[in-house]
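Structure record follows, encoded as structure tokens.
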Amino acid sequence: RHLLIFSGIIVAGVAWFYAIPINQWLYHARDPETGDMIRILLLCLVPMSIVHIYGTLLTATGNIHLFLRISGFFALVNILANLFFIPRYGAHGAAWVAFATQTSYAVTVYTASFLKTSERISWKDILVYVLFAAFVFMVLK
């Protein structure tokens, strides 16, 4: 669990500060808006990691139907939000919808996992993740 979350934090931090060089390296593009998309979308790695961890826990404990219902609900929320935000805000809207959806999805999957299995993240772990994220962002800045 820690390795996946720490890796997501590192990649998100690197993407946040080096989005333009990453964009130029991957796509040979000079459009700064594309760099913004990289920043926002790679922030999704942390909540996606949480979904993978606790979704696997739900599946392994026989709660796959609950996990699938949660997943279906957030897929629908994502589609509906994109129908609203993409025409108004374009790619930026879609990126922020992805981040908001993934974060809400992660919180919901974690909560369902806690209620079904009593497995939880301790406050100490949360503090370690926040301090690690702050450290990564300070080092990369």
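The values are calculated or read from the model by the stated rules, or taken from the named source; none is laboratory data. Bear in mind the structure is a predicted one, so any value in this text is a computation, not a measurement. Quick reminder, even Gly has a Cβ in these numbers, built from the backbone with ideal geometry, and neighbours come from all protein chains shown. The protein model used for the area step is the full one, side chains on, heavy atoms only, and it has no ligands, DNA or RNA in it. Shrake-Rupley method; radii C 1.70, N 1.55, O 1.52, S 1.80 Å.
Here the range 92-102 is the region considered, the condition is being open to solvent by less than 50 Å² (accessible area, probe 1.4 Å) and touching a residue at least 40 places away in the same chain (Cβ under 8 Å), and the residue that is farthest from residue 112 (Cα to Cα) is 95. Within the set of pairs 6+ apart or on separate chains, which have a first residue in the range 110-126 that is under 13 Å from residue 53 (Cβ atoms) and without any contact (Cβ under 8 Å) to a residue 60 or more places away in the chain, a second that is aromatic (Phe, Trp, Tyr) and surrounded by 13 or more Cβ atoms within 10 Å (Cβ to Cβ), and C-beta atoms under 7 Å apart? Pairs that qualify, where the first residue is under 13 Å from residue 53 (Cβ atoms) and without any contact (Cβ under 8 Å) to a residue 60 or more places away in the chain and the partner is aromatic (Phe, Trp, Tyr) and surrounded by 13 or more Cβ atoms within 10 Å (Cβ to Cβ), are 113/54; 120/114.
The set of residues from the range 43-74 being within 8 Å of the chain's Cα centre (by Cα) and not aliphatic (A, V, I, L, M) comprises 44, 47, 49.
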